[in-house]
Amino acid sequence: MIFSLDQKPADAPALIEADAARTLTYGQLTANVADAAARLRRGGRRLVFLLAENTAASLTAYLACLEAGLPVCLVEGGPEGVPARMREAYQPELILEGVVPEPLNEDAPNAGALHPDLALLLPTSGSTGSPKLVRLTRRNVEAN
């Protein structure tokens, strides 16, 4: 597991969502991540783009991707979603908008070309303005 409750009581607050005016405990977060990760695993290993926001749903989806062993790219999208140039350049098999849907589309092609250690992709503009991604392994993420 990419995060653990080893030193946190299950009823301790993990995060407080200001907009929703609710608190999510470590126990609830762990259960939500486990449920979402189980759904993600059913589709096989594939590249996931997550339209990340500062919400419990985005955090849960991010941690679920890591827990399921799926490479995830955190993307800042507008109302139209992932920018077309990013979709064209990297062709993600799954795009999440902060939540893992049920049922999950399991017909997406598996990403056989993804390096087995790849865990996280972070966009950078680079010096040319073309879409580039910083690649991090699971070990990099755990060390951070």
Between residue 93 and residues 5 or more places away or on another chain, which pairs have amide H atoms under 5 Å apart, with H built 1.01 Å from N, and which residues are they? 47
Taking H placed 1.01 Å from N in the peptide plane, check which residues at least 5 places from residue 15 or on another chain put their amide H under 5 Å from its amide H. 24
Sequence ranges 83-89, 118-124, ranked by mean other-Cβ count within 10 angstrom, highest first: 118-124, 83-89
Looking at the range 28-80, which trypsin sites (Lys or Arg not before Pro) are in a loop (DSSP not H, G, I, E or B) and have at most 13 other Cβ atoms within 10 Å? 42
Which whole-Hz couplings ³J(HN,Hα) result when phi for each residue of the range 53-69 is put into the Karplus expression 6.51 cos²θ - 1.76 cosθ + 1.60, θ = phi - 60°, listed in order with x for Gly and Pro? 10, 8, 9, 5, 4, 5, 4, 4, 5, 4, 5, 5, 4, 5, 5, 7, x
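Every read-out reported here was derived from the displayed coordinates using simple, explicitly stated rules and does not represent laboratory data. The shown structure was predicted, so the numbers you read here are calculated from the model rather than taken from an experiment. Heads up, the Cβs are rebuilt from the backbone with ideal geometry, glycines too, and the neighbour counts pull from every protein chain shown.
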